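Trainee: Sharing a structure, written as structure tokens. Questions coming.
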Amino acid sequence: MGIAIVVTSGKGGVGKTTTAANIGTGLAILGNRVVVVDTDIGLRNLDVVMGLENRIVYDIVDIVEGACRLRQGLIRDKRYEGLFLLPAAQTKDKTALNPEQMFKLINQLKEEFDYVVVDSPAGIEQGFQNSIAGADEAYIVTTPEISAVRDADRVIGLLESKGLDNPKLIVNRIRQDMVERGDMMNVDDIVDILAVDLIGVIPDDEAVVISTNKGEPVITEEEPLSAKAFKNICNRIVGEDVELLDLQYDEGKFSKLIKLLFSR
Amino acid sequence: MGLFRIFNREEKRSKNIAKERLKLVLIHDRAHMSPKFLQMVEGDIIRVIKQYAEIDEEELDIKLTRMKRESDNMPMSALVANIPIVKIRDFER
């Protein structure tokens, strides 16, 4: 029996889909059987982030309605064996699914896969309720902005009221240069305010944009700092004790020199 | 960072402004009860405490916050009251 992880945030645009794609891919790279599930009905996007948009035949609503079998609806990843996508429906309404149906579906998937990674839609309405049905764990993605942290707090409260007691936090798009000059909340600030456990910190990284342009999750690359950050999260998920990344790693030599000159 | 520190007083940093604003907003969000509800709680607490002590009502501060329970580190909501006591009442008995 596998584990279902829902990736959620409340606020849109903080990197839920990117995170779900990278965690799913990363867990598959580690040798697990993984399915990533897009529950954002009407605004499907996990397919393009994974680069699988051309292979979609059936979608999640078709499966739930019995228009096709579960196996038929799953799309095999083009790079990694053991990685599958269950796409959202693009032309249907978000009321096409309900939490009971989702609970059944996620449990079916847990029988076949080691990890079921569910990408949640923005918001806290029915789409969100659907996405958390059947989840064993919840990961909250936030960015170091007031609006995103506020929404994360709201979602944490909702998750706890649904029995998802120990949500874990991913702080995305940290800009270390801004943190250092005191113009961006740092990870400790956010963790203190939200009072949840941290499972990862992802730096703001151009490589994510570039890899998304190409339809290849950044975690498939070696060099980018964001790829290392996602790999660390995956290692933590499978139970390894990994230290948080030193985000200063990607500073250029020049800025390091400047820093050396001006520090004592 | 030494040289720049002089020009940037810590409290003026925008991250601190963000933190303060965020904390205030969250107090109200977390109390998914209305501010009116908190006022009612505050009124009742004042009434009870006053029987035993003279308190500084102006400085009294009650808020809902989230913290980790000490015994097992589980997150929980807590009603935190800061009640400045001026004087404990003398009871003759």
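Trainee: Any residue in the range B:57-69 that's within 22 Å of residue B:85 (Cα to Cα) and more than 10 Å from chain A (Cβ to nearest Cβ): show its pairings with residues that are in a strand (DSSP E or B) and among the β-branched types (Val, Ile, Thr) at Cβ separation under 8 Å, as long as the two are six or more apart or on different chains.
Mentor: Listed by first residue and then by second, the contacts come to B:62/B:80; B:63/B:80; B:64/B:80.
Trainee: Still on this structure, I have one more. Considering only the range A:148-195, state which residues are in a helix (DSSP H, G or I), more than 9 Å from every other protein chain (Cβ to nearest Cβ) and under 17 Å from residue A:16 (Cα atoms).
Mentor: Residues satisfying the conditions are A:148, A:151, A:152, A:155, A:159.
Trainee: Across the range A:196-234, what is the total count of residues that are more than 14 Å from every other protein chain (Cβ to nearest Cβ) and either assigned to a strand (DSSP E or B) or small (Gly, Ala, Ser) (or both)? Give the derivation first.
Mentor: Just the residues of the range A:196-234 that are more than 14 Å from every other protein chain (Cβ to nearest Cβ), to begin with: A:199-234.
Add one more test, that the residue is either assigned to a strand (DSSP E or B) or small (Gly, Ala, Ser) (or both), and what stays is A:199-203, A:207, A:211, A:215, A:226-227, A:229.
Result for the range A:196-234: 11.
Trainee: Could you please find all residues in the range A:130-147 being outside any helix (DSSP H, G or I), more than 14 Å from chain B (Cβ to nearest Cβ) and of a type in the set (A, V, I, L, M)? Before the answer, list the steps.
Mentor: The initial filter retains those residues of the range A:130-147 that are outside any helix (DSSP H, G or I), namely A:133-145.
In the following step, the residues that additionally are more than 14 Å from chain B (Cβ to nearest Cβ) were identified as A:133-137, A:139, A:141.
Those that are outside any helix (DSSP H, G or I), more than 14 Å from chain B (Cβ to nearest Cβ) and of a type in the set (A, V, I, L, M): A:133, A:135, A:141.
Trainee: Does residue A:114 satisfy being free of Cβ contacts under 8 Å to residues at least 12 places away in the same chain, among the charged types (D, E, K, R), closer than 24 Å to residue A:234 by Cβ and out of contact with any Ser or Thr (no Cβ under 6 Å at 6 or more places or on another chain)? Give the steps one after another, and end with the answer.
Mentor: Details: free of Cβ contacts under 8 Å to residues at least 12 places away in the same chain: no; among the charged types (D, E, K, R): yes; closer than 24 Å to residue A:234 by Cβ: yes; out of contact with any Ser or Thr (no Cβ under 6 Å at 6 or more places or on another chain): yes.
So residue A:114 does not fit the description; no.
Trainee: Let me spell it out: the conditions are (1) closer than 28 Å to residue A:201 by Cβ; (2) among the β-branched types (Val, Ile, Thr); (3) more than 15 Å from the chain's Cα centre (by Cα); (4) crowded, with 20+ Cβ neighbours inside 10 Å, and residue A:75 meets all of them except one. Which number is the exception?
Mentor: Evaluating residue A:75 over (1) closer than 28 Å to residue A:201 by Cβ; (2) among the β-branched types (Val, Ile, Thr); (3) more than 15 Å from the chain's Cα centre (by Cα); (4) crowded, with 20+ Cβ neighbours inside 10 Å leaves (1) as the failure.
Trainee: Please enumerate the residues belonging to the range A:229-247 that are surrounded by fewer than 19 Cβ atoms within 10 Å (Cβ to Cβ) and within 15 Å of the chain's Cα centre (by Cα). Talk me through it step by step, then tell me what you get.
Mentor: The initial filter retains those residues of the range A:229-247 that are surrounded by fewer than 19 Cβ atoms within 10 Å (Cβ to Cβ), namely A:235-236, A:238-244, A:246.
Of everything in the range A:229-247, those that are surrounded by fewer than 19 Cβ atoms within 10 Å (Cβ to Cβ) and within 15 Å of the chain's Cα centre (by Cα) turn out to be A:235, A:236.
Trainee: May I pose another question? Only one residue in A:187, A:209, A:171, A:201 is more than 17 Å from the chain's Cα centre (by Cα) and within 17 Å of residue A:14 (Cβ to Cβ). Which one? So that I can check it myself, show each step before the final result.
Mentor: Values: A:209 fails: more than 17 Å from the chain's Cα centre (by Cα); A:171 fails: more than 17 Å from the chain's Cα centre (by Cα); A:201 fails: more than 17 Å from the chain's Cα centre (by Cα).
Only one candidate qualifies: A:187.
Trainee: What residue, of B:23, B:63, B:12, is at pLDDT 70 or above, surrounded by 13 or more Cβ atoms within 10 Å (Cβ to Cβ) and more than 30 Å from residue B:89 (Cβ to Cβ)?
Mentor: B:23
Trainee: Hey, another quick one. Can you pull out the helices (runs of 4 or more DSSP H) entirely within the range A:9-89 that have at least 1 residues that are over 25 Å from residue A:100 (Cβ atoms), touching a helix residue (DSSP H, G or I) at 6+ places or on another chain (Cβ under 8 Å) and not β-branched (Val, Ile, Thr)?
Mentor: Correct list: A:16-29, A:46-50.
The values are calculated or read from the model by the stated rules, or taken from the named source; none is laboratory data. Predicted, not measured: the structure shown is a model, and the values here were computed from it. FYI the Cβ positions are ideal-geometry reconstructions off the backbone, even for glycines, and counts take in every protein chain you see.
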